[in-house]
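To start, the structure itself, in structure tokens.
The values are calculated or read from the model by the stated rules, or taken from the named source; none is laboratory data. Because the structure is a prediction, the values reported are computed rather than measured. As a convention, Cβ positions derive from the backbone with ideal geometry for all residues, glycine included, and neighbour counts pool all protein chains shown.
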Amino acid sequence: MTLTERRILLIVSGGIAAYKSLDLVRRLRERGASVRPILTAGGAQFVTPLALSSLAEHKVYTDLFSLTDESEMGHIRLSREADLVVVAPASADLMAKMANGLADDLASTALLATDKPVLIAPAMNPMMWQHPATIRNRERLQADGVTFVGPGTGDMACGEVGAGRMAEPLDIVAAIEALFSRATARLHGLRALVTSGPTFEALDPVRFLGNRSSGKQGHAIAQALADHGMQVVLVSGPVALPDPTGVEVVRVESAMEMLAACQQALPVDVAVCAAAVADWRPERRETRKIKKGRDESVPTLHLEENPDILATLSRPGPLRPRLVVGFAAETEDLVDNARAKLARKGCDWLVANAVDDQATVFGSERNEVRVLRADDGGVAEDAWPAMSKAEVAKRLAAEIVETAASAPQPTDGVPA
Ligand code: C5P
């Protein structure tokens, strides 16, 4: 996701973690955000205004602000001209000021004066984080609508071990992106349909044809899209996973049921087909259990083809989602096969992964994918590094929200 044209007011307060904020500024700038830094007196003990302004490519505002600052850029304007206020690190002291509405320096005044969302990355000694006063402050801040990222648990610079480490810069960036996409998805009222898991094709009341799909990737995508503020319907085959939170789940068994449930969920802005749908189903479903014959004969299975849900949803028409995303697991010629599949199915994006060593993909936590996008007659290809299925889901969700929000709204009766 890009943060181009996003304006971030970054408040750096006192704490050893302030050095990580320099990296945070670099990451935000790489993604196209503009960063206006405020450095508190405590923060200035750990990083210099010069380091911060060099990385931000912007003047640093300090709590010793001068009259010139006040006439050029008052604290009210400073806090209102941002799209988001980020406090990293947020010290116990600054959190206490925020929770109580104190405004005795530039940082706390800007925080009190802002009408924009606030994200904070606390960093402090574990005893301070666990102190009843800090717990009270954090509950108040959460009730006030402040979003938290971290802190993590681990070795602290002070030599103690516990919760209080500031979230890593890339995790803070991910939280910032999620905040922006939540706002975008809500603004546009975006709806998504996700298929997940295997399908079971019944032979008789006790037997079925199925496959080994765990549903982990599809469920993670449904969760990530909901976390990004989309309204999500998850149509799932039989899986042993808990339902994602904040998602409407429709449980199905067969491909025919899955297709019907998907069509019922339309219209949606986005469809993500992550289910491993069985290609065939038995021609007949016996109403009674097929018995072993006395003559020892072996029954013959007659199969018929299942509908291709991804191809059906991708077909042009008034109900075609603005963005349709398919998945492909390939054992050979990954890119060529994936390109052919993208064209054959008619979807917009295809997430392809190699399954040379099947044990590492099916049911595993990690995934290494290539994302192919149909693009003005051509195909753009993006290779993502190996990451957890949850991370693939988060990154995909961020890109989906951005694309769906900017895609033109289909007009009545005209395919998007
Ligand atoms: O053709 P293949 O099964 O490899 O295609 C995989 C993609 O197509 C996945 O996105 C899967 O969810 C979707 N699919 C489908 N309905 C089918 C078969 C595959 O939606 N019957």
Report summary line: Counted residues in the stretch 236-261 being within 21 Å of VAL325 (Cβ to Cβ) and either in contact with a Leu (Cβ under 6 Å, 6 or more places away or on another chain) or of a type in the set (Lys, Arg) (or both) come to 2
Query raised in the report: Which of the residues spanning the stretch 369-380 are more than 18 Å from VAL272 (Cα to Cα) and in contact with a strand residue (DSSP E or B) (Cβ under 7 Å, 6 or more places away or on another chain)?
Result: VAL379, ALA380
Query raised in the report: Do we have any residue at all in the stretch 159-171 that's among the basic types (Lys, Arg), touching a residue at least 12 places away in the same chain (Cβ under 8 Å) and more than 30 Å from SER91 (Cβ to Cβ)?
Result: no
Query raised in the report: In the stretch 101-129, which residue that is in contact (Cβ under 8 Å) with a residue 24 or more places away in the chain and more than 26 Å from PHE180 (Cα to Cα) is surrounded by the fewest Cβ atoms within 10 Å (Cβ to Cβ)?
Result: MET127
Query raised in the report: Do we find a residue being surrounded by 19 or more Cβ atoms within 10 Å (Cβ to Cβ) and either within 17 Å of the chain's Cα centre (by Cα) or part of a strand (DSSP E or B) (or both) anywhere in the stretch 130-152?
Result: yes
Query raised in the report: Would it be correct to say that PRO238 is farther than 21 Å from ALA265 by Cβ and not in a helix (DSSP H, G or I)?
Result: no
Query - Given (1) touching a helix residue (DSSP H, G or I) at 6+ places or on another chain (Cβ under 7 Å); (2) farther than 30 Å from VAL252 by Cα; (3) crowded, with 19+ Cβ neighbours inside 10 Å, number of the condition PHE180 does not satisfy - result: (1)
**Report entry** Among residues of the stretch 235-259, those that are closer than 15 Å to ALA311 by Cα and surrounded by 23 or more Cβ atoms within 10 Å (Cβ to Cβ), counted
**Finding:** 2
Report summary line: Scanning the stretch 260-283 for residues that are surrounded by 13 or more Cβ atoms within 10 Å (Cβ to Cβ) and more than 15 Å from ALA192 (Cα to Cα), the one nearest to the ligand (Cβ to nearest atom) turns out to be VAL277
Query raised in the report: What pairs come up if the first residue lies in the stretch 242-269 and is over 13 Å from GLU201 (Cα atoms), the second is among the polar types (S, T, N, Q) and within 15 Å of the ligand (Cβ to nearest atom), and their beta carbons are under 7 Å apart, counting only those six or more places apart or on different chains?
Result: VAL249/SER236; ARG251/SER236; LEU259/THR312; CYS262/THR195
Query raised in the report: For the subset of the stretch 312-333 comprising residues that are within 23 Å of GLY197 (Cβ to Cβ) and among the hydrophobic types (A, V, I, L, M, F, W, C), which member is farthest from the ligand (Cβ to nearest atom)?
Result: LEU323
Query raised in the report: Scanning for something away from the ligand (no atom under 16 Å from the Cβ) and without any contact (Cβ under 8 Å) to a residue 40 or more places away in the chain, does the stretch 187-203 turn up at least one residue?
Result: no
Query - Selection within the stretch 346-367 - modelled with pLDDT under 80 and either buried (at least 22 other Cβ atoms within 10 Å of the Cβ) or of a type in the set (Lys, Arg) (or both) - result: ARG366
Query raised in the report: Restricting the stretch 185-211 to residues that are charged (D, E, K, R) and out of contact with any Leu (no Cβ under 9 Å at 6 or more places or on another chain), which is farthest from VAL325 (Cα to Cα)?
Result: ASP204
Query raised in the report: Is there a residue being outside any strand (DSSP E or B), surrounded by 11 or more Cβ atoms within 10 Å (Cβ to Cβ) and within 9 Å of the ligand (Cβ to nearest atom) anywhere in the stretch 289-303?
Result: no
Query raised in the report: Does ALA374 meet the test of being under 25 Å from ALA265 (Cβ atoms), modelled with pLDDT under 95, part of a strand (DSSP E or B) and assigned by TED's automatic domain parsing to the domain that holds GLN223?
Result: yes
Query raised in the report: Yes or no: ALA202 surrounded by 23 or more Cβ atoms within 10 Å (Cβ to Cβ) and in contact with a strand residue (DSSP E or B) (Cβ under 7 Å, 6 or more places away or on another chain)?
Result: no
